[in-house]
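Engineer: Got a structure here, written out as structure tokens. Questions coming.
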Ligand code: SR1
Ligand code: MG
């Protein structure tokens, strides 16, 4: 099979059989399509006799969440596999192993992580992950530093920018994150109960100006190879292990976009605690855990990123006294802004999140939606004045009052 066709479960088994060094010849293999994301097929292939298993991920030529009316390039499968390989070289313990990739079929064969859970689900269930802050801070520091002009050969970096040109997936982000939520777009899915708050966003000129600047940064600032969609549904986790998956949105963009994605999704869960926590005390406690995790991530990220820069920085001019401090301040400001944008789109945009949407109590859901919009819009408006991570925590705390 060499020309593209979407695989059935049986064809996925037939493909898996041909992969060298994974399964016993002629042994029984089972296959189940388990993809619950917005874009792809995901086959779980198991060899019951040995317990060995793999994942076959196949891109579809359209956005599954919308249908064939929204065509999407299959090149995103190549981009995902190549990004995973680069991330795996930089942080081998934090991404799945890629066993094989076949661009013609838009297929990536990778490590099965069924012993982990999707972090969004874990947070909804109230789990805590004591190693997560260290893991994700290291993932961010190493992938962002070593793919940027600060930490790699600067001519090679320009070739990397070319390698990761990802127009279709960037267009999704440009539309769904930086455009639709701020206007009455047919792509939106506005919850009727919060229509007043959404209309206020559509009419907020100050907000629109900040979003325009953040959108420009997303479109033009090729700082580092981003994951590009680093929400808690792109993280598999268990207490002693974190694995970042799904970098099909990878491209060269502003570093704060990836850090902001992590913070936004922790804050969406923070908003959802209106309904997930069983009482006031546990709500305050879990919210404290989430905010503490954000502070911990930023502090660890900053320390690690500065340390990499001081030890392995490749550029003499970027060692000019004072420049690193200015860079880190701007990165923090971008992180505020992109966190805000990533929150707002998940409340009334096309693809929303279970942290809020799966709340059964309608009043709790409405409060969670309003809190998420309040934090998101405040972060966007404040972004260019941010000086400390504690200000993000203050904004999140004030949204409760
Ligand atoms: C049409 S794709 C919708 C969303 O799913 C992905 O995970 C990205 O977050 C994208 O914006
Ligand atoms: Mg994804």
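Engineer: Tell me, yes or no, whether region 275-289 has at least one residue that is surrounded by fewer than 24 Cβ atoms within 10 Å (Cβ to Cβ) and closer than 30 Å to residue 39 by Cα.
Structural biologist: yes
Engineer: Every residue in region 201-239 that is touching a strand residue (DSSP E or B) at 6+ places or on another chain (Cβ under 7 Å), in a helix (DSSP H, G or I) and away from ligand 2 (no atom under 16 Å from the Cβ), please.
Structural biologist: 218 - this is the single residue of region 201-239 that is touching a strand residue (DSSP E or B) at 6+ places or on another chain (Cβ under 7 Å), in a helix (DSSP H, G or I) and away from ligand 2 (no atom under 16 Å from the Cβ).
Engineer: Yes or no: residue 115 under 24 Å from the mean Cα position of the chain (by Cα) and farther than 20 Å from residue 251 by Cβ?
Structural biologist: Answer is yes for this residue.
Engineer: For region 32-61, what are the residues that are within 15 Å of ligand 1 (Cβ to nearest atom), loosely packed, with under 15 Cβ neighbours inside 10 Å and free of Cβ contacts under 8 Å to residues at least 40 places away in the same chain?
Structural biologist: 36
Engineer: Separate question: Can you work out which of the residues in region 171-199 that are within 11 Å of ligand 1 (Cβ to nearest atom), surrounded by fewer than 18 Cβ atoms within 10 Å (Cβ to Cβ) and touching a residue at least 40 places away in the same chain (Cβ under 8 Å) is nearest to residue 342 (Cα to Cα)?
Structural biologist: Among those residues, the one meeting the criterion is 174.
Engineer: Ok, one more. Give 362, 366, 394 a once-over and let me know the one that is within 27 Å of residue 326 (Cα to Cα), surrounded by fewer than 24 Cβ atoms within 10 Å (Cβ to Cβ) and either more than 16 Å from the chain's Cα centre (by Cα) or more than 16 Å from ligand 2 (Cβ to nearest atom) (or both).
Structural biologist: 394
Engineer: Regarding residue 305, is this residue within 16 Å of ligand 2 (Cβ to nearest atom) and in contact with a helix residue (DSSP H, G or I) (Cβ under 7 Å, 6 or more places away or on another chain)?
Structural biologist: no
Engineer: Please pick out the residue among 352, 311 that is within 30 Å of residue 273 (Cβ to Cβ) and modelled with pLDDT of 95 or more.
Structural biologist: 352
Engineer: Same structure again: Picking from 80, 68, 125, which residue would you name as being without any contact (Cβ under 8 Å) to a residue 12 or more places away in the chain, touching a strand residue (DSSP E or B) at 6+ places or on another chain (Cβ under 9 Å) and within 16 Å of ligand 1 (Cβ to nearest atom)?
Structural biologist: 68
Engineer: Which condition does residue 3 not pass, out of (1) more than 23 Å from residue 173 (Cα to Cα); (2) surrounded by 15 or more Cβ atoms within 10 Å (Cβ to Cβ); (3) touching a residue at least 40 places away in the same chain (Cβ under 8 Å), if it passes all the others?
Structural biologist: Residue 3 satisfies all of (1) more than 23 Å from residue 173 (Cα to Cα); (2) surrounded by 15 or more Cβ atoms within 10 Å (Cβ to Cβ); (3) touching a residue at least 40 places away in the same chain (Cβ under 8 Å) except (2).
The values are calculated or read from the model by the stated rules, or taken from the named source; none is laboratory data. Quick caveat: nothing in here was measured; it's all calculated off a predicted structure. A quick note on method: Cβ atoms are made from the backbone with ideal geometry, for glycine too, and the neighbour counts reach across all protein chains shown.
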